[in-house]
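Data first, discussion second: the structure below is written as C-alpha cells.
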Amino acid sequence: MAITSPWRADFDIPADLTYLNAAFMTPIPRASAAAGEAGIRVKLAPWKLTRASFYTEVEEARSEAAAVINARPEDIAIVAGTSYGIATAARNIVAPDGHAIIGIRGEHPSQTYAWQVQAERTGAVYEQVDREPDQSWAEAIIARLNDESRPPVAILALTQVHWSDGSLVDLVAIGEAARARNVALVVDATQSAGVMELDVGKIRPDFVAFATYKWLIGPYALAFLYAAPWRQEGDPLEQHSFCRVGADGYVNHYARDRDFMPGARRYDMGERSNFATLPVAIASIRYLRRIGLDRVRSHIEAVTDAMAAQAAALGISVLHKRLRSPHLLGLRGEGDFSDGVVKALAEAGVVVSARDGVVRVGPHIYTEAVDIDRFTRGLDVYLSCSKRRV
C-alpha cells in the first residue's frame, strides 16, 4: 500500500521538492508560523505586557515539553540550546580524578566538548566507545562499564540516536546498567525527542537536553532540559530573578528573595520568555501530540523502512533494522559517496545531508510515496552515472 501523508498540506513544502533533512532542521507547520507571527506582534505593543506575560507561555511550554518525555512540568527547564543543557549537566555532575566519562564514537560536539573540558580540569578521562559492525551501542557501552581493566566510569554522556548514521542507543538497557554501578547518565535527545519513545521514568537519566528545531518541528534557539528530582538542587549557569520565589507576583519592584522556584526552574536561561519562539514551540508540540507521537513514529518508520529496502536493493549499505532508529537512515558507500549522493539527490529535487561520510536521510510526517519514489530515482541515476552499481 502506498504511503500517504494527511499532514503534508500543513507544511509549506513545494510539490516538486522532497525534503529528507529533518536531522538538520525541519520546517514548521503553518499553524506554528502563525503563532510565531502573533508572538512577534506582542513587541509592537509592549505597554500591554504584564508580569503574567513572562510566565504564562513559559509554563505552557514547560508542560508540553514534559509530555514528550513522560516527565512532570516542574522537571523541565527552558534553555537556549542543547549545549546549554549539557553545560548545565556538566556543571552539576563532576567525574573524579582517574574516572572516565564515556561517549560514543563520532558523537555530536554538543555532547562532547563540555565533557572533554571537564576531564581536562578534573583529571578524569573522556573516552568514546566504538562498536563492532553487528554489535549494538548498548552492548558496547555495557561491556565498557564491566571492563575492570579500564578507569571506572563515572558519567555516561550519550544520545538515543547517533546523529550521523541513525544507529540506535538503547537507553533503557543502558540506564539499568548505569544505575547498578552508580554511574550518572546524561542524554542529548535532540535527534530523538518527538519521534522515539523517550520515557524518563523507564530510563531514569540524571539530565536530558533536547532542542526543538529538528524532530519537534519547532523553532531554532530554544531547547528544554530535564533534571531528575535528585538533580534539582544544583547550580544554574545564570543568575537572574525570574526563577526566584515570588518573582511572578511582583509588579513595581523586583524580588530580592534568592530562593529558587521549585523543581528544575532554577536552570532556566535568562530572557526565557521569548514571545516569538515560545508560541512556535508550544504550537508545534501540541500539533504532534494531537496526531499522537506513536502515530508520528509509525509513519516515519514506514517511510525509512521503504527507503532502506530501496537503497539496499541498489547495493547501498544500510544498517540492519535491529541496529537503526525508526526515523533516521544512514547510507554508506566508498570514496566520495556521501558528497556525490547529496549533490545528485539535490539535482533530483531531494534534500538530504551528510555527516562524517554518511548520507543522512531524515523524513517526517510530511513524507509520502512520491518522495520515496523521487529518492529512489535519484539514487538510481547517481549509481548509474557514477558506474558504482553493485
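The values are calculated or read from the model by the stated rules, or taken from the named source; none is laboratory data. Since the structure is predicted, the reported quantities are computational estimates derived from the model, not experimental observations. Note that each Cβ is placed from the backbone with ideal geometry, even for glycine, and that neighbours are counted across all protein chains shown.
A few comments on the model shown:
- Filter result for the condition that a residue is charged (D, E, K, R), more than 24 Å from Glu233 (Cα to Cα) and in the same structural domain as Phe242 (by TED's automatic domain parsing), over Arg105, Arg72: Arg105
- Residue match in the stretch 47-61 (condition: outside any helix (DSSP H, G or I), modelled with pLDDT under 95 and of a type in the set (A, V, I, L, M, F, W, C)): yes
- Yes/no for Ile316 being surrounded by 20 or more Cβ atoms within 10 Å (Cβ to Cβ), modelled with pLDDT of 95 or more, of a type in the set (Val, Ile, Thr) and over 30 Å from Asn70 (Cβ atoms): yes
- In the set (1) within 16 Å of Ser164 (Cα to Cα); (2) touching a Cys at 6+ places or on another chain (Cβ under 8 Å), the condition left unmet by Gly333 is number (2).
- When the stretch 230-247 is filtered for residues that are surrounded by fewer than 18 Cβ atoms within 10 Å (Cβ to Cβ), touching an Asp or Glu at 6+ places or on another chain (Cβ under 7 Å) and not hydrophobic (A, V, I, L, M, F, W, C), only Gly246 remains.
- Number of the condition not met by Ala309 [criteria: (1) under 30 Å from Ala33 (Cβ atoms); (2) free of Cβ contacts under 8 Å to residues at least 12 places away in the same chain]: (1)
- Selection status of Ala177, touching an Asp or Glu at 6+ places or on another chain (Cβ under 6 Å) and more than 27 Å from Leu329 (Cβ to Cβ): no
- Residues that are within 16 Å of Pro219 (Cβ to Cβ), polar (S, T, N, Q) and not in a loop (DSSP other than H, G, I, E, B), drawn from the stretch 1-42: Ser32
- Hits in the stretch 258-306 (condition: more than 30 Å from Val361 (Cα to Cα), touching a residue at least 40 places away in the same chain (Cβ under 8 Å) and not in a loop (DSSP other than H, G, I, E, B)): Gly263, Ala264, Arg265, Arg266, Tyr267
- Number of the condition not met by Leu383 [criteria: (1) of a type outside the set (Phe, Trp, Tyr); (2) in contact with a strand residue (DSSP E or B) (Cβ under 8 Å, 6 or more places away or on another chain); (3) in a helix (DSSP H, G or I)]: (2)
- Any chance Trp115 is assigned to a helix (DSSP H, G or I) and in contact with a Gly (Cβ under 9 Å, 6 or more places away or on another chain): yes
- As a summary of the residue check, Val318 satisfies the conditions (1) of a type outside the set (Lys, Arg); (2) on the phi < 0 side of the Ramachandran plot; (3) in contact (Cβ under 8 Å) with a residue 40 or more places away in the chain except for the one numbered (3).
- Whichever residue in the stretch 91-112 is surrounded by fewer than 23 Cβ atoms within 10 Å (Cβ to Cβ) and part of a helix (DSSP H, G or I) and, among such residues, is nearest to the chain's Cα centre (by Cα): Ser110
- Unmet criterion (only one of (1) closer than 30 Å to Gly349 by Cβ; (2) at pLDDT below 95; (3) surrounded by 15 or more Cβ atoms within 10 Å (Cβ to Cβ)) for Met25: (2)
- Filter result for Gly349 (assigned by TED's automatic domain parsing to the domain that holds Asp305, crowded, with 19+ Cβ neighbours inside 10 Å, touching a strand residue (DSSP E or B) at 6+ places or on another chain (Cβ under 9 Å) and not aromatic (Phe, Trp, Tyr)): no
- Each residue in the stretch 69-86 was checked for being in a helix (DSSP H, G or I), buried (at least 19 other Cβ atoms within 10 Å of the Cβ) and out of contact with any Ser or Thr (no Cβ under 7 Å at 6 or more places or on another chain), and 3 pass.
- Residue match in the stretch 80-102 (condition: touching a Phe, Trp or Tyr at 6+ places or on another chain (Cβ under 9 Å), closer than 22 Å to Ile300 by Cα, touching a residue at least 12 places away in the same chain (Cβ under 8 Å) and in the same structural domain as Val183 (by TED's automatic domain parsing)): no
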